[in-house]
Amino acid sequence: MGSLPRMSAIRRADRRNEWWVDFQYRYRRIRRKSPIQTRAATEEYERLIRSKFGEAVVRGQDPFLTGTMRFDAFVERWTKEYVLPRNRPSTAHTKKMNFEKYLLPAFGHLPLKSITSERIDLLRATLTRKGLAVKTVNNILCVLRTCLATAVRWNLLDVLPPTTMVPTPMPGYRFLTEEEVQRLVAATPFGYWRTFVTFLAHTGCRFGEAAALRWEDFVLEGNSPRVRIQRGVARGVLGATKNGRIRDIPLTPDVVAAITAFPRRSEYLFAYPDGSFPTPAGTLRQLHEFCERAYVKRISWHVLRHTFATTLTARKVHLRAVQMLLGHASIVMTCRYAHVSDGGLQEAVAVMPSLA
């Protein structure tokens, strides 16, 4: 039985005393900087490299070619084999724009193994200096990290370079008061638009989910009127909901009355006569007109979703219920709507039993 290879973690004085792996494999010298600068992490990095090399040999591949594929070539393959089969058209389009505008100009000509944490940090600093929003910069970095993580899984890259996001506080959001919602609905013309505004304000649905509703999705009779949200429209393309989940939302009497009085023009409630679907950008002008009539500051359609969630949490609806109604994949997203006042904290502590 052969002995285990000796670990070759070294600190290089010529590289600012950084930790590197330095060993022989099949008569070739392997020298690589450790992504994490400790002895233990460097030794683990060497074990990972040796394991990857061994797997390549078993598959009949040249172990020394790992990471030599250019980034632009890999992105083309990744888009076809990973992004398009798994992502909604709108998500795939956003990723495509991130690559074309930011990632390919920075890394397209480089081999995968040359995309280091140092280069990624430089990109982050460059994008920040250009004035891009923090959320935009972090979204670009997330796309890059997911792409490179796939390269690691496909054995085209040895190790995923650590990526540091731009620190950001929990984003704020706009919402309407209950009185503002009442004014907005009252200022919206009867028919199509009042039904649409009422539905969004009292269900918290995403715009695309409402646009994709069919009559068969509604149960309006009986004691539990509800609507089933099971699809959405993004960039004019009909598909699944944002996270692929189906959910049922109970309907308020106002929504039931609005839907019952709404004329049935096609299988889709809110589709246009030509069969196309409304879009947030294409209908924003109408919403702004309604806001002006109601003396409400201009909002986007998504603000009605924020308003629905904020109203529920303000009335002490359990966060888990709010999460299910909104269709959030994680309750972390829902928690941003939970605003607890000092009085609410006092009421919470008051339930503790006496120790006397």
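Would you please name the residue that is nearest to residue 269 (Cα to Cα), looking only at residues in segment 198-222 that are in a helix (DSSP H, G or I) and among the aromatic types (Phe, Trp, Tyr)?
That would be 215.
Of everything in segment 178-191, what is in a loop (DSSP other than H, G, I, E, B), open to solvent by 40 Å² or more (accessible area, probe 1.4 Å) and closer than 16 Å to residue 292 by Cβ? Give them in sequence order. Before you say what the answer is, go through the steps one by one.
The initial filter retains those residues of segment 178-191 that are in a loop (DSSP other than H, G, I, E, B), namely 188-191.
From what is left, the residues that are open to solvent by 40 Å² or more (accessible area, probe 1.4 Å) are 189-190.
Within segment 178-191, just 189 meets the criteria.
Would you confirm whether or not segment 24-44 contains a residue that is β-branched (Val, Ile, Thr) and either at pLDDT below 85 or within 21 Å of residue 147 (Cα to Cα) (or both)?
yes
Could you count how many residues in segment 234-252 are closer than 16 Å to residue 86 by Cα, of a type outside the set (Gly, Ala, Ser), assigned to a strand (DSSP E or B) and open to solvent by less than 60 Å² (accessible area, probe 1.4 Å)?
0
In this structure, is residue 199 more than 26 Å from residue 337 (Cα to Cα) and modelled with pLDDT of 95 or more?
no
Please give the number of the condition residue 223 fails out of (1) over 15 Å from residue 196 (Cβ atoms); (2) surrounded by 14 or more Cβ atoms within 10 Å (Cβ to Cβ).
Against the list (1) over 15 Å from residue 196 (Cβ atoms); (2) surrounded by 14 or more Cβ atoms within 10 Å (Cβ to Cβ), residue 223 comes up short only on (2).
With the condition being touching a helix residue (DSSP H, G or I) at 6+ places or on another chain (Cβ under 9 Å) and under 21 Å from residue 229 (Cα atoms), I'd like the helices (runs of 4 or more DSSP H) fully within segment 276-330 carrying at least 2 qualifying residues.
302-314, 319-326
Output the residues belonging to segment 204-245 that are free of Cβ contacts under 8 Å to residues at least 24 places away in the same chain and in contact with an Asp or Glu (Cβ under 6 Å, 6 or more places away or on another chain). Walk me through how you get there before you give the answer.
Going through segment 204-245, the residues free of Cβ contacts under 8 Å to residues at least 24 places away in the same chain turn out to be 217, 219, 221-223, 228, 230-231, 244.
Hit for segment 204-245 is 228, nothing else.
So which residues in segment 175-197 are within 27 Å of the chain's Cα centre (by Cα) and farther than 16 Å from residue 284 by Cα? Walk me through it before giving the result.
Keep residues of segment 175-197 that are within 27 Å of the chain's Cα centre (by Cα), which gives 175-176, 196-197.
Of everything in segment 175-197, those that are within 27 Å of the chain's Cα centre (by Cα) and farther than 16 Å from residue 284 by Cα turn out to be 175, 176.
Out of segment 32-57, which residues are in contact with a Phe, Trp or Tyr (Cβ under 6 Å, 6 or more places away or on another chain) and surrounded by fewer than 17 Cβ atoms within 10 Å (Cβ to Cβ)?
33, 37
Being farther than 24 Å from residue 314 by Cβ, in a loop (DSSP other than H, G, I, E, B) and in contact (Cβ under 8 Å) with a residue 24 or more places away in the chain is the requirement here; does residue 195 meet it?
In short, no.
Conditions tested, residue by residue: (1) touching a residue at least 24 places away in the same chain (Cβ under 8 Å); (2) open to solvent by less than 20 Å² (accessible area, probe 1.4 Å).
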{"residue": "266", "(1), (2)": "no, no"}
{"residue": "271", "(1), (2)": "yes, yes"}
{"residue": "276", "(1), (2)": "yes, no"}
{"residue": "280", "(1), (2)": "yes, no"}
{"residue": "295", "(1), (2)": "yes, no"}
{"residue": "307", "(1), (2)": "yes, yes"}
{"residue": "321", "(1), (2)": "no, no"}
{"residue": "332", "(1), (2)": "no, no"}
{"residue": "336", "(1), (2)": "yes, no"}
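The values are calculated or read from the model by the stated rules, or taken from the named source; none is laboratory data. Predicted model, so just to flag it, every value in this text is computed and none were measured. Neighbour counts are summed over all protein chains in view; Cβ atoms, including those assigned to glycine, are modelled from backbone coordinates with ideal geometry. Heavy atoms of the whole protein, side chains included, go into the accessibility calculation; ligands, DNA and RNA do not. Shrake-Rupley method; radii C 1.70, N 1.55, O 1.52, S 1.80 Å.
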